[in-house]
Amino acid sequence: MISRLEELLGPDAVETPAPGSPWANLDGFEPEAVVHPATEEETAALLRKASEHGWLLVPSGRGHALGRGPALKGVKIVLALDRMREVTYEEPEDLVISAQAGLPVEEIRERAGKHGLRLALEPPMGEKATAGGLAALGRSGSSRARDGRVRDHVLGVRALLSDGTLFSAGGRVVKNVAGYDLVRPLVGSRGTLAVLTEVTYKLRPLPPMDRTWILESGAALEEILSLGKALVEMGLEPAALGAWGSPSSGSLGIRLSGEEEDVLARRNRLPCSLPGRPGEWIEREETGLLPFEVLPWEALDEGREILLRFALPPSALEGFLSLLPGESVFFVDLATGRGEAAVPRESYPVLRKQAASSRGFCVVEGGPPTARGLEAALARPEGPERNLALALKKALDPAGILSPGRLD
Amino acid sequence: MDALAEDLAALVNRESLLTEPDYLMTYECDSLSFFKQRPRAVVLPRTTEEVSRILAYLSRKGIPFTARGSGTGLSGGATPVEGGVVISLARMDRILEVHPRDRCALVQAGVVNTALSKALEPLGLHFAPDPASQPVCSLGGNVGENAGGPHCFKHGMTLNHTLGLTLVLPGGEVLHLGGPCGEPDLDLAGLVVASEGTLGIVTEIWVRLTPNPETFRTLLASFRSLEDCSRAVSRIVRAGIVPSAMEILDKKSIEIVEASVNKAGYPLEAGAVLLVELDGRPEEMERPLSAVEEACRKEGALEVEFAKDPEHRMKLWKGRKGVYGTAGRLAPDVYVMDGVVPRNRLAEALHRIQEVTDSRGLVCPNIAHAGDGNVHPTICYDGRDPEQAQKAEEAGREILRICLELGGTITGEHGVGLEKLSLMPEMFPPGSLRVMRRVKAVFDPAGLANPGKLIPLEEP
């Protein structure tokens, strides 16, 4: 296989994974090769070959999100898109940018910033994210209350099916209803349906003021949640409202953005602190809540073996979070009901059940591959919805070579 | 009653079935009258279960079907298929659940757009997409087309407000895609939005609700020319201002509105007017409002008028909203176009559109959701005159090609339907159409769900 790959892409574009590189250990096994095609054509040629020979592969940007979601199985090749990093279209006056999949999101941010614009997504991988990876993973980050989901920011894509067929979906304008909106299922599909080669993102103006305040109270979860609820009901319309910590000691952060006068007026309406508790709102030097959002990931250890990703109607959060065992570490966006928690493995079934009964969901996002294998068995029950997802996968990837284990 | 009617009558209440030719005539087309086809029957179910039973039956018999909301579509999406049955969702008009704290609601597909917002009024919430037909159009239709409207520049289209839906597949199987929290991985509900009833029938929708803005500030700026007006739009976008709506009306639109009951006080001497609205908290209005005014003045605005009170605001909007209706008085037929161009190419696009219609001697008021680059030239013609009808169709095609050439799309919110089928191969590479056909076959292997709409059935 290696010699065939080298023949196809040139020896420079094919490597065996270096120890310590993000792709050296894929869910407990080592892939045989990491390939770095330089163009869409090379990527298509590789896919055609892989389909023909049944080589299982996983597309990746820079490899930093590979350990997320359902565990991969039997992948032979990592298709790294990190050499495809051109900006292919840039129209700041139209608030639009198109980039090849491997372009670091940070570069989009820098380019946009020069024009007073921003990419209004703050993915949990931060600066390591790539244009393609951000869309494929579909994780928007904690400013979701204001900015919406990743799917709301992707205007169009170019992508390759596993048989090498090139297709485009959507376009480069903000409104477009021509044909099926293939962008939606592709965003968040984690490389299971197609390989994204180019993504067009909407940009937004930088707000005149964007500030974050933190209340590190050490209060128990119920108190934190009740203050959070009060903040939501006050109609402060925060850009983000996060709570994090452990069930016995939590903190709260609020991000307000907009016109200066408006931000400060809303800031002044924040209740001083929790009744009968020390602590007050401290302004953060940096904007946003990203460091707190990744706390559950940092807390993964033997006692908190798995990382759960959940979404609940905000009114059902309290009931769900009250089931978190004492050693859990969580982050939750109180405005949208989304969050993550590092928990002991045995607590998953009860949390999953609670989420489902509140019409939300709770899936295993991180942890050892065996635990992430659980997800397929528990969180995706048999049913017509699942059959449809599988049928879509089969229609687009008939050879079944893309990201095996994640949707099968 | 023929066998089909008897069978259908056994599946639903007899009064939920229409087979009399007089009644069927109403269902021959949607609001695009270019295409007409009388259905074999019309069924008006009240529940998802009834829809499921009907589709299971039609699937056994191999009979194609077309879902219909209120019939206000503008691309022939709800035009029946030859030998097919129309499933009207008009009687599925119940709001099933409202969750104000979670800002979502579950509605049946036949609920009328403004009926939902009216019901939510006491809660201070509304459904944000506001297509021109909103007093009549259904939410199911909004989902089918991914409807937008003037305020989607800031608030987004129907897709952005759809959290989940109940879809009945052509075989009758009922699927719940997404829900109040969306979906954990594949966004299949998002794929169904804008699919124009070609993947199955959407019977229930989880919609996102938006808090009513505390205040509105509305201004009307008049310009010598469409070009100046379009440049003002680019300048506003460039200045980082996000109004909730930015609407352009050209000279012809101003003239016809001012001569009608929808008279809004637009200056007749202007070559174009720009209607801009900002919404939000009072503290966030002043700077953006002055920035909008400044942008208009820098592009040579003749006059800038601010809405003084809610009545004045309504009056300014009444003119804009009345353009389509008023255009109907200029000629027996109107052809409402829908294309999108990058916002910085808007001036060029509007100029070229005017040339296309002027050169054919067609009357064509031009309006645009300028903030989105979404143009709606409204071609007025007499369909009884084949020459005029042909000119209208040709002009329409040329206008959409201009949109494509400038880097835009052939439809921003009205859909492909029957109208734009032949332009799909110009918009997408062959690979994209192949992928779309594969997607269609996953949902509808027998090809019974509104066949021949949205994507050309065969390879060109």
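The values are calculated or read from the model by the stated rules, or taken from the named source; none is laboratory data. Remember, predicted model here, so these are calculated numbers, not experimental data. Ideal geometry is used to build each Cβ from the backbone, glycine not excepted, and the neighbour counts take in all protein chains shown.
Would you list the strands (runs of 3 or more DSSP E) that sit entirely within region B:47-120 and hold 2 or more residues that are over 24 Å from B:Leu11 (Cβ atoms) and touching a Phe, Trp or Tyr at 6+ places or on another chain (Cβ under 9 Å)?
Values: elements: B:65-68, B:85-88, B:95-99, B:104-108.
Hits in region B:47-120: B:104-108.
Being under 24 Å from the mean Cα position of the chain (by Cα) and either of a type outside the set (Asp, Glu) or more than 21 Å from A:Arg109 (Cβ to Cβ) (or both) is the filter here, so list the residues in region A:197-212 that pass it. Working first, answer last.
Residues of region A:197-212 under 24 Å from the mean Cα position of the chain (by Cα): A:197-207, A:210-212.
Of everything in region A:197-212, those that are under 24 Å from the mean Cα position of the chain (by Cα) and either of a type outside the set (Asp, Glu) or more than 21 Å from A:Arg109 (Cβ to Cβ) (or both) turn out to be A:Thr197, A:Val199, A:Thr200, A:Tyr201, A:Lys202, A:Leu203, A:Arg204, A:Pro205, A:Leu206, A:Pro207, A:Arg211, A:Thr212.
For region B:154-169, state whether one or more residues are more than 10 Å from every other protein chain (Cβ to nearest Cβ) and at pLDDT below 95.
yes
Checking the conditions here, which among A:Glu237, A:Glu261, A:Glu198 is charged (D, E, K, R) and more than 10 Å from chain B (Cβ to nearest Cβ)?
Numbers: A:Glu237 fails: more than 10 Å from chain B (Cβ to nearest Cβ); A:Glu261 fails: more than 10 Å from chain B (Cβ to nearest Cβ).
Only one candidate passes the filter, namely A:Glu198.
Only one residue in B:Gly319, B:Gly325 is surrounded by fewer than 17 Cβ atoms within 10 Å (Cβ to Cβ) and more than 14 Å from every other protein chain (Cβ to nearest Cβ), so which one is that? Step through it out loud before you land on a result.
Values: B:Gly319 fails: surrounded by fewer than 17 Cβ atoms within 10 Å (Cβ to Cβ).
Being surrounded by fewer than 17 Cβ atoms within 10 Å (Cβ to Cβ) and more than 14 Å from every other protein chain (Cβ to nearest Cβ) holds for just one of B:Gly319, B:Gly325, which is B:Gly325.
Table: residues versus (1) touching a helix residue (DSSP H, G or I) at 6+ places or on another chain (Cβ under 6 Å); (2) modelled with pLDDT of 95 or more; (3) outside the structural domain of A:Glu237 (by TED's automatic domain parsing).
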site: A:Arg149; (1), (2), (3): no, no, yes
site: A:Gly164; (1), (2), (3): yes, yes, yes
site: A:Gly170; (1), (2), (3): yes, no, yes
site: A:Val174; (1), (2), (3): yes, no, yes
site: A:Val177; (1), (2), (3): no, no, yes
site: A:Pro185; (1), (2), (3): yes, yes, yes
site: A:Leu193; (1), (2), (3): yes, yes, yes
site: A:Glu198; (1), (2), (3): no, yes, yes
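Could you list, in sequence order, all residues of region B:258-275 that are of a type in the set (A, V, I, L, M) and at pLDDT 95 or above?
Filtering region B:258-275 for residues of a type in the set (A, V, I, L, M) gives B:259, B:261, B:264, B:268, B:270, B:272-275.
B:Leu268, B:Ala270, B:Ala272, B:Val273, B:Leu274, B:Leu275, listed by residue number.
Pick from region A:81-94 the residues that are surrounded by fewer than 24 Cβ atoms within 10 Å (Cβ to Cβ) and modelled with pLDDT of 95 or more: which of them is nearest to the chain's Cα centre (by Cα)? Talk me through it step by step, then tell me what you get.
So in region A:81-94, the residues surrounded by fewer than 24 Cβ atoms within 10 Å (Cβ to Cβ) come out as A:82-83, A:85-93.
Remaining after also requiring modelled with pLDDT of 95 or more: A:82-83, A:85-90.
On the way: A:Asp82: 18, A:Arg83: 22, A:Arg85: 20, A:Glu86: 22, A:Val87: 22, A:Thr88: 23, A:Tyr89: 24, A:Glu90: 24 Å.
My answer is A:Asp82.
Just name the residue that is nearest to B:Met337 (Cα to Cα) out of those in region B:1-39 that are basic (Lys, Arg) and out of contact with any helix residue (DSSP H, G or I) (no Cβ under 6 Å at 6 or more places or on another chain).
We begin by selecting, within region B:1-39, every residue basic (Lys, Arg); these are B:14, B:36, B:38.
From the residues that got through so far, the ones that are out of contact with any helix residue (DSSP H, G or I) (no Cβ under 6 Å at 6 or more places or on another chain) too are B:14, B:36.
Working: B:Arg14: 39, B:Lys36: 18 Å.
The residue in question is B:Lys36.
What are the residue pairs meeting all of these: first residue in region B:373-390, first residue away from chain A (no Cβ under 14 Å), second residue among the aromatic types (Phe, Trp, Tyr), Cβ atoms under 7 Å, and 6 or more apart or on different chains?
The qualifying pairs are B:Thr378/B:Tyr324; B:Ile379/B:Tyr335; B:Tyr381/B:Tyr335; B:Gln388/B:Tyr381; B:Ala389/B:Tyr381.
Determine if region A:268-288 includes at least one residue that is at positive phi, surrounded by 17 or more Cβ atoms within 10 Å (Cβ to Cβ) and small (Gly, Ala, Ser).
Scanning region A:268-288 turns up at least one residue that is at positive phi, surrounded by 17 or more Cβ atoms within 10 Å (Cβ to Cβ) and small (Gly, Ala, Ser).
Of the residues that sit in region B:425-440 and are hydrophobic (A, V, I, L, M, F, W, C) and within 7 Å of chain A (Cβ to nearest Cβ), which one is nearest to A:Leu388 (Cα to Cα)? Can you show your working first?
Going residue by residue through region B:425-440, those that are hydrophobic (A, V, I, L, M, F, W, C) are B:427-428, B:433, B:435-436, B:439.
Cutting the leftovers down to within 7 Å of chain A (Cβ to nearest Cβ) gives us B:427-428, B:435-436, B:439.
On the way: B:Met427: 28, B:Phe428: 25, B:Val435: 16, B:Met436: 15, B:Val439: 10 Å.
Of everything passing the filter in region B:425-440, B:Val439 is nearest to A:Leu388 (Cα to Cα).
Hey, does region B:202-222 have a residue that's away from chain A (no Cβ under 14 Å), free of Cβ contacts under 8 Å to residues at least 60 places away in the same chain and more than 23 Å from the chain's Cα centre (by Cα)?
Checked against the condition, which is being away from chain A (no Cβ under 14 Å), free of Cβ contacts under 8 Å to residues at least 60 places away in the same chain and more than 23 Å from the chain's Cα centre (by Cα), region B:202-222 yields no hits at all.
From B:Ile410, B:Ile402, grab the single residue that is more than 10 Å from chain A (Cβ to nearest Cβ), in contact with a Lys or Arg (Cβ under 6 Å, 6 or more places away or on another chain) and under 19 Å from B:Thr357 (Cα atoms).
Working: B:Ile410 fails: more than 10 Å from chain A (Cβ to nearest Cβ).
Testing whether each residue is more than 10 Å from chain A (Cβ to nearest Cβ), in contact with a Lys or Arg (Cβ under 6 Å, 6 or more places away or on another chain) and under 19 Å from B:Thr357 (Cα atoms) leaves just B:Ile402.
Taking region B:68-88 on its own, how many of its residues are crowded, with 24+ Cβ neighbours inside 10 Å and more than 16 Å from the chain's Cα centre (by Cα)?
5
Just checking, which of A:Glu382, A:Glu365, A:Glu340 is under 29 Å from A:Lys76 (Cα atoms), in a strand (DSSP E or B) and either under 17 Å from the mean Cα position of the chain (by Cα) or away from every other protein chain (no Cβ under 12 Å) (or both)?
On the way: A:Glu382 fails: in a strand (DSSP E or B); A:Glu340 fails: under 29 Å from A:Lys76 (Cα atoms).
Being under 29 Å from A:Lys76 (Cα atoms), in a strand (DSSP E or B) and either under 17 Å from the mean Cα position of the chain (by Cα) or away from every other protein chain (no Cβ under 12 Å) (or both) holds for just one of A:Glu382, A:Glu365, A:Glu340, which is A:Glu365.
For every residue, the table says whether it meets (1) of a type in the set (D, E, K, R); (2) touching a Phe, Trp or Tyr at 6+ places or on another chain (Cβ under 7 Å).
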residue	(1), (2)
A:Val58	no, no
A:Gly69	no, no
A:Leu81	no, no
A:Tyr89	no, no
A:Asp94	yes, no
A:Ser98	no, yes
A:Ala101	no, no
A:Val105	no, no
A:Arg109	yes, no
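If only one of A:Leu256, A:Leu321, A:Leu290, A:Leu317 is within 13 Å of chain B (Cβ to nearest Cβ), over 18 Å from A:Gly69 (Cα atoms) and in contact with a Pro (Cβ under 9 Å, 6 or more places away or on another chain), which one is it?
Values: A:Leu321 fails: within 13 Å of chain B (Cβ to nearest Cβ); A:Leu290 fails: within 13 Å of chain B (Cβ to nearest Cβ); A:Leu317 fails: in contact with a Pro (Cβ under 9 Å, 6 or more places away or on another chain).
After applying the criteria, what remains is A:Leu256.
Across region B:380-410, what is the total count of residues that are under 23 Å from B:Gly141 (Cβ atoms) and in contact with a helix residue (DSSP H, G or I) (Cβ under 8 Å, 6 or more places away or on another chain)?
Within region B:380-410, the subset under 23 Å from B:Gly141 (Cβ atoms) is B:396, B:400, B:409-410.
The next check asks that each one be in contact with a helix residue (DSSP H, G or I) (Cβ under 8 Å, 6 or more places away or on another chain); those that pass are B:400, B:409-410.
Final tally of qualifying residues: 3.
Tell me which residues, restricted to region B:275-305, are among the hydrophobic types (A, V, I, L, M, F, W, C), surrounded by fewer than 18 Cβ atoms within 10 Å (Cβ to Cβ) and within 14 Å of chain A (Cβ to nearest Cβ).
The answer is B:Ala291, and nothing else.
Give the number of residues within region A:116-165 that are aliphatic (A, V, I, L, M), under 29 Å from B:Arg438 (Cα atoms), touching a strand residue (DSSP E or B) at 6+ places or on another chain (Cβ under 8 Å) and not in a loop (DSSP other than H, G, I, E, B).
Going residue by residue through region A:116-165, those that are aliphatic (A, V, I, L, M) are A:117, A:119-121, A:125, A:129, A:131, A:134-137, A:145, A:150, A:154-155, A:157, A:159-161.
With under 29 Å from B:Arg438 (Cα atoms) added as a condition, the list becomes A:131, A:134-137, A:150, A:154-155, A:157, A:159-161.
Retained after the next criterion (residues that are touching a strand residue (DSSP E or B) at 6+ places or on another chain (Cβ under 8 Å)): A:131, A:134-136, A:154-155, A:157, A:159-161.
Filter once more, so that each one left must be not in a loop (DSSP other than H, G, I, E, B): A:131, A:134-136, A:154-155, A:157, A:159-160.
So the answer is 9.
B:Glu311 passes all but one of (1) buried (at least 24 other Cβ atoms within 10 Å of the Cβ); (2) over 20 Å from B:Gly73 (Cβ atoms); which number fails?
It fails just one condition, (1).
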